[in-house]
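Notes follow the structure.
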Amino acid sequence: MTQFILASQSPRRKTLLEWAELPFEIIVSESNEDYPANMPIEEVPVFIARNKAIAVKEKITSDSATLNSKCIIAADTVVVLEEVIIGKPVDKYDAIATLQKLSGRVHQVITGVVLLYDGNEITFSETTQVEFHTLTQEQIEFYVENYKPYDKAGAYAIQEWIGVIGIKSIQGDFYNVMGLPVSKLIQKIKQLEIN
């Protein structure tokens, strides 16, 4: 069975691919996550995901049999509030400040995905609207202290406590907010005619 390579260390993406029952292994390689200052926001996560995919492709190029028989899946997720990308928090205080900004407001979660297989490339993105209830300072500090969301764009994970008690509504793919729009990914994989 053809294997897939997940070019990500994200435990959420790993879990989602496991739920989809795709046979995969994880290979990661350092890549640049900078992007051109004038790039439209909706293109940013695809740009970064492509860099991740290319870095892994270059890492395994020495084994051409591996390269040709495996599909590389790379993804990047950004949180956007009022046309501004909110990255991963640098520390506790940044995480608290980020959640204060998101409290009581609607933001977008955009995940860009790149598939590389046998010389073909498919790229797509998915956007989900997320609205938070107004969060108390106590709730925000409790979450940051106990869940330490420093590796998460927007300083939160929808599947954790903050999502259960704090999210008022979502419009779009729930799993996209976790980091990978799995249903759309499976549809795109079908287009590659992988056996």
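The values are calculated or read from the model by the stated rules, or taken from the named source; none is laboratory data. As the structure is a computational prediction, the values presented were derived from the model and not from experiment. In this analysis, Cβ positions are derived from the backbone assuming ideal geometry, glycine residues included, and neighbour counts consider all displayed protein chains.
Worth pointing out:
- Residue 157, sole failed condition from (1) in contact with a strand residue (DSSP E or B) (Cβ under 6 Å, 6 or more places away or on another chain); (2) among the small types (Gly, Ala, Ser); (3) assigned to a loop (DSSP other than H, G, I, E, B): (1)
- Annotation note: of 98, 134, 127, 123, the sole residue that is of a type in the set (S, T, N, Q), at pLDDT 95 or above and part of a loop (DSSP other than H, G, I, E, B) is 134.
- Boolean, residue 58 is out of contact with any helix residue (DSSP H, G or I) (no Cβ under 9 Å at 6 or more places or on another chain), of a type outside the set (A, V, I, L, M, F, W, C) and either crowded, with 18+ Cβ neighbours inside 10 Å or at pLDDT 95 or above (or both): no
- Region 3-39, subset touching a helix residue (DSSP H, G or I) at 6+ places or on another chain (Cβ under 6 Å) and part of a loop (DSSP other than H, G, I, E, B), residue surrounded by the most Cβ atoms within 10 Å (Cβ to Cβ): 7
- Candidate set: region 167-187, residues that are under 20 Å from residue 122 (Cα atoms), among the aliphatic types (A, V, I, L, M) and out of contact with any helix residue (DSSP H, G or I) (no Cβ under 7 Å at 6 or more places or on another chain); chosen: the one surrounded by the most Cβ atoms within 10 Å (Cβ to Cβ): 185
- The C-beta contact set for region 133-144 (first residue closer than 12 Å to residue 104 by Cα, second residue among the hydrophobic types (A, V, I, L, M, F, W, C) and in a helix (DSSP H, G or I), distance under 7 angstrom, 6+ apart or interchain) comprises 135/99.
- Annotation: residue 112 fulfils all but one of (1) of a type outside the set (Ser, Thr, Tyr); (2) touching a residue at least 12 places away in the same chain (Cβ under 8 Å); (3) assigned to a helix (DSSP H, G or I); the unmet one is (3).
- Looking only at region 180-195, and only at residues there that are at pLDDT below 95 and in a loop (DSSP other than H, G, I, E, B), the one that is nearest to residue 113 (Cα to Cα): 192
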